[in-house]
Amino acid sequence: MGGKYRITGDAYPRMRRPRHRRRLVLAGIGAVVALSLAGWGTLQLIDVFTGGDKSASAADHKRDCPTAKPSAAPVKALPKPAAIKVNVYNATTRSGLAKSAAEELKKRGFTIGEVGNATKAYDKKVPGTGVLLGAPTATNGSFTVLGTQLAGVVQKTDTRRTGEVDLILGAKFKAFSTPQEATAAMTALTKPAPAPSPSC
């Protein structure tokens, strides 16, 4: 080319951006990554040698929370079967039921009183397994012990002042609980319940 567009000398125009700026940017990014990795590695080493914050906080929690000592609730005092006098009455149409039931209770250690047919107030009017009838003081004693012998029995109180209890056998009565079942029920009543552990 000639004229004013002629290129003379050895200087040519550069068509690309200088590369030194890109190198500076890459070097800066690499330095940041290296520092981050070094900091992360330092934290991991600290956790290894100190056991970590979780174990330390767990140890502090265990130290602050007192150890729960097992304490038993007071055992409920219940009368022995021999101390309970039971009158057995038959409110069903089955003959001899009161006598056989009384003999079974006697074998289990209960003291037997009167045995016979139920009064008109209950005769053929007990649809369940039976009714326990006694003074209000029997509800937390004699009724509880007798209740372990017969499941589903209904408890009622009257105005009597004596400690004897009436067992009125109903239409659904078939048999008493087995001795094993009665013993297990009695153990559950007298076994002390463990105290709840403290929440920290």
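Structural remarks
- Among 183-190, 143-150, 80-87, the order from most to least packed when residues are scored by Cβ within 10 Å on average: 143-150, 80-87, 183-190
- Inter-label distance for Lys124 and Asp158, nm, one decimal - labels placed 7 Å from Cα along Cα-to-Cβ: 2.1
- Model label sites at Asn140 and Ser100, defined 7 Å from Cα along the beta-carbon direction, differ in position by 3.8 nm.
Every number here is computed from the coordinates shown, using simple stated rules; none is lab data. Note that the structure is a prediction, hence the values are computed from the model and not measured. In this analysis, Cβ positions are derived from the backbone assuming ideal geometry, glycine residues included, and neighbour counts consider all displayed protein chains.
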